[in-house]
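Shown next, in structure tokens, is the structure this report addresses.
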Amino acid sequence: MSPMTIDRRHMLSAGLAAGIAAGAAAGARPAEARKRASAAGDLGLVPGSTSDQTVALQAALDAATNRGEPLELPAGRFRIGALELRAGARLVGAAGATTLEFAGGEGFITADHADNILIEGLVLDGGYQMLGAADGLIDVRNSRGVRLRHLALSRSPANGISLMACAGSVADCTVSNTLQAAIRSVDAAGLEITHNDIAHCGNNGVQVWRSEPGEDGSIVTGNRIARIRADGGGTGENGNGVNVFRAGSVLVSGNRITDCAFSAVRGNASSNIQILANSCARLGEVAIYAEFGFEGALVANNVVDTAATGITLTNFNDGGRLGVVQGNLVRNLFRREQEPVDKRGHGITVEADTAITGNVVEGAPTAGIVIGWGAYMREVVATGNLVRASRVGILVSTDRAAGACVLANNMISGASDGAIRAMDAAGNPTGPELTHGGSSEKLLAIAGNLSV
């Protein structure tokens with residue numbers, strides 16, 4: 001038997017047939033979707049009604065879940081109370097044209113031990129009504145494979161989305177006008193928070209917390225976060241774009257964060273945190289913060305424009321240590337003259353076991369780079385940085401109990417009160433100019449710096 005001949009005509013014919021088949025299959029999918037989507041009346045729902053329609057919607061959702069199908073809701077506005085999703089439930093709105101308005105109750109949309117659930121395409125209006133035992137307009141607990149996509153949530157008296165011990169993703173959602181956080185995760189088991197638009201929140205934008213210090217590994221990337229207040233007060237637990245507490249190995253990258261009462265990104269007792277390539281502007285306190293009991297912080301390639309301090313790795317007295325601050329651009333710092341003590345006006349401040357390299361700081365009214373605080377300084381290397389138009393270029397602690405420090409090959413331009421100066425216990429410059437050495441401290445090495 002002669003082998004089959006495969007010529008150009010045969011290949012084109014086969015490709016055309018495959019294309020027709022694929023097109024037919026693709027064309028069938030919307031028809032299948034239309035079959036699954038029921039009219040409001042078929043579900044027992046009345047668009048625009050002021051009545052509570054929870055019973056009808058819960059029954060329709062349970063029936064669809066039992067069949068292994070999604071419940072696709074029609075366009076319209078529906079008032080509902082507490083709606084619960086079981087494992088495998090899929091609740092899908094009509095591309096943002098389906099609004100669920102909270103009618104009151106112990107929760108709005110909740111799930112517990114409900115793996116592989118999907119909520120997509122809905123507008124959720126909390127109306128600022130109390131949520132009972134629930135912690136957010138969407139409250140999901142102890143669930144894996146959670147997918148929350150293309151949602152719009154607003155007017156929550158608590159959080160927008162609350163996740164406890166969950167794994168999955170929150171993506172492409174809009175969350176605004178919440179009195180607590182837009183998205184709150186506690187004890188995540190593998191969570192991604194990505195491409196969300198967050199604004200006008202009472203206390204935080206995104207919270208990634210753990211009950212006890214430990215590995216978390218959540219990813220917070222590509223979000224837009226703006227106008228975050230600190231209604232709950234405090235000294236930094238509120239008022240942040242991204243707030244990471246006790247959660248280890250969290251990645252915060254590529255976010256645009258603006259107009260927060262305190263910080264753009266704040267890591268508290270969060271070891272091995274990575275804060276990378278974020279664009280941060282108009283922050284009321286420290287723009288990027290790693291504090292209290294962390295071991296390991298990588299802060300790189302961020303832009304900070306307008307803050308009381310740009311970047312801080314601090315609290316060596318509480319175990320805060322081990323970091324890299326590299327390739328950041330920090331500019332337009334300011335002092336909070338209304339504060340009795342904590343006025344700041346620093347570009348970058350670090351304390352222990354940290355390398356500061358390749359950063360550019362411009363316009364720091366107190367100091368461009370601050371190393372240590374009294375006795376709390378150990379093994380810091382600052383090389384290849386550029387500090388421009390700042391009162392003091394680099395301040396370094398020379399306390400007798402402080403550790404070693406290397407300052408090499410940095411350029412300081414336009415420092416009005418010294419390029420490199422020692423710092424007293426109150427954070428003020430003291431002693432002579434040290435740009436070309438001259439320090440009697442054996443643990444302080446200064447070489448190759450240029451002041452212009």
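Say the dipole of the range 297-396 comes from +1 at the beta carbon of Lys and Arg and -1 at that of Asp and Glu; which of A375, G358, A300 then lies farthest toward its positive end?
G358
For the chain, what is the accessible area per residue in Å² when the probe is 1.4 Å?
41 Å²
Two decimals is fine: what is log10 I(q)/I(0) at q = 0.09, 0.10, 0.14 Å⁻¹ for the chain, from a Debye sum with one equal scatterer on every Cα and no solvent?
-0.66, -0.75, -1.12
At a probe size of 1.4 Å, how large is the accessible area of L163, to the nearest 10 Å²?
10 Å²
How far, in nm, would the chain grow between D197 and A277 when pulled straight, counting 0.36 nm per residue and subtracting the alpha carbon separation?
27.0 nm
In whole percent, and with a 1.4 Å probe on the protein chains, what portion of the accessible area of the range 50-192 is carbon and sulfur?
About 49 percent, which is the carbon plus sulfur part of the accessible surface.
For the range 115-245, what is Rg from Cα atoms divided by 2.2 N^0.38 Å, rounded to two decimals?
This ratio for the range 115-245 stands at 0.94.
Where Rh is the Kirkwood radius over the Cα pairs of the range 296-452, the temperature 10 °C and the viscosity 1.306 mPa s, what D in µm²/s does Stokes-Einstein return?
The Stokes-Einstein estimate is 106 µm²/s.
Nearest 0.05, what FRET efficiency do R227 and R144 give at R0 = 35 Å with Cβ-Cβ as r?
According to the calculation, E is roughly 0.60.
How big is the charge dipole of the chain about its Cα centre, in debye rounded to the nearest 20, if each Lys and Arg gets +1 on its Cβ and each Asp and Glu gets -1 on its Cβ?
Here the chain has a charge dipole of around 1060 debye.
Could you order H150, H200, H346 so the one with the most accessible surface comes first? Probe is 1.4 Å.
Largest accessible area first, the list is H150, H200, H346.
Just to verify a number: FRET efficiency for L450 and E215, C-beta to C-beta distance, R0 = 41 Å, to 0.05?
After rounding to 0.05, the efficiency reads 0.40.
Of E212, E237, E69, which has the most accessible area and how do the rest follow, probe 1.4 Å?
E212, E237, E69
How many angstrom lie between the Cα centre of the range 380-452 and the Cα centre of the range 97-119?
A separation of 56 Å, based on Cα centres.
Round to the nearest 10 and report in Å² the accessible area of D62, as given by a 1.4 Å probe over the protein chains' heavy atoms.
40 Å²
For labels at D62 and S249 in the simple 7 Å Cα→Cβ model, what's the distance in nm?
4.1 nm
Once the piece of chain linking D42 and L443 is laid out straight, how much longer is it, given 0.36 nm per residue of separation minus the C-alpha distance between them?
The D42-L443 span can extend by a further 136.5 nm.
Where the accessible area of the range 307-452 is counted over protein heavy atoms with a 1.4 Å probe, how much of it, in %, is carbon and sulfur?
Here carbon and sulfur together make up 52 percent of the probe-accessible area.
May I ask you to evaluate 6.51 cos²θ - 1.76 cosθ + 1.60, the Karplus curve with θ = phi - 60°, for each residue of the range 398-403 and list the ³J(HN,Hα) values in order in whole Hz, giving x for glycine and proline?
10, 4, 4, 8, 6, x
Could you state the angle between the C-alpha long axis of helix 8-36 and the longest principal axis of the C-alpha atoms of the chain, as a value from 0 to 90 degrees rounded to the nearest 10?
Approximately 80 degrees, to the nearest ten.
For q values of 0.10, 0.13, 0.23, 0.24 Å⁻¹, compute log₁₀ I(q)/I(0) with the Debye formula on a Cα-only model of the range 239-343, without solvent.
Listed by q, the Debye log ratios stand at -0.23, -0.40, -1.22, -1.30.
Can you send over the solvent-accessible area of Y128, 1.4 Å probe, protein chains only, in Å² to the nearest 10?
Solvent-accessible area, nearest 10 Å²: 100 Å².
Say a paramagnetic label sat at a point 7 Å from the Cα of N409, along Cα to Cβ; which residues of the range 346-360 have their backbone N under 18 Å from it?
Counting only backbone N, you get 354-360.
Ordering S390, S271, S211 from largest to smallest accessible area (1.4 angstrom probe), what's the sequence?
Putting S390, S271, S211 in descending order of accessible area: S211, S271, S390.
At 222 nm, what value in deg cm²/dmol follows for the chain if DSSP H runs of at least 4 each add -39500 (n - 2.57) and the sum is divided by all its residues, to the nearest 500?
-3500 deg cm²/dmol
Based on the Cα atoms of the range 89-143, what semi-axes does the equivalent ellipsoid have, where each is the square root of 5 times one gyration tensor eigenvalue, given in whole Å with the largest first?
Equivalent ellipsoid semi-axes, largest first: 18, 17, 6 Å.
Using the Cα centre of the range 291-389 as the reference point, and only Cβ charges (+1 on K/R, -1 on D/E), how large is the resulting charge dipole? Debye, rounded to the nearest 20.
300 debye
On C-alpha positions alone, give me the angle between the axis of helix 54-67 and the longest principal axis of the chain, in degrees, nearest 10.
80 degrees
For Cα pairs less than 8 Å apart in space and 6+ apart in sequence, what is the mean separation divided by the residue count of the range 130-276, i.e. the relative contact order in percent?
Computed value for the range 130-276: 17 percent relative contact order.
Using unit Cβ charges (K, R positive; D, E negative) and no other charged atoms, how large, in debye to the nearest 20, is the dipole of the range 243-305 about its Cα centre?
140 debye
The values are calculated or read from the model by the stated rules, or taken from the named source; none is laboratory data. Not measured: the values here are computed from a predicted model. So basically every Cβ, Gly included, is an ideal-geometry build from the backbone, and we count neighbours across all protein chains shown. Surface accessibility is based on the protein's heavy atoms, side chains included, excluding ligands, DNA and RNA. Shrake-Rupley method; radii C 1.70, N 1.55, O 1.52, S 1.80 Å.
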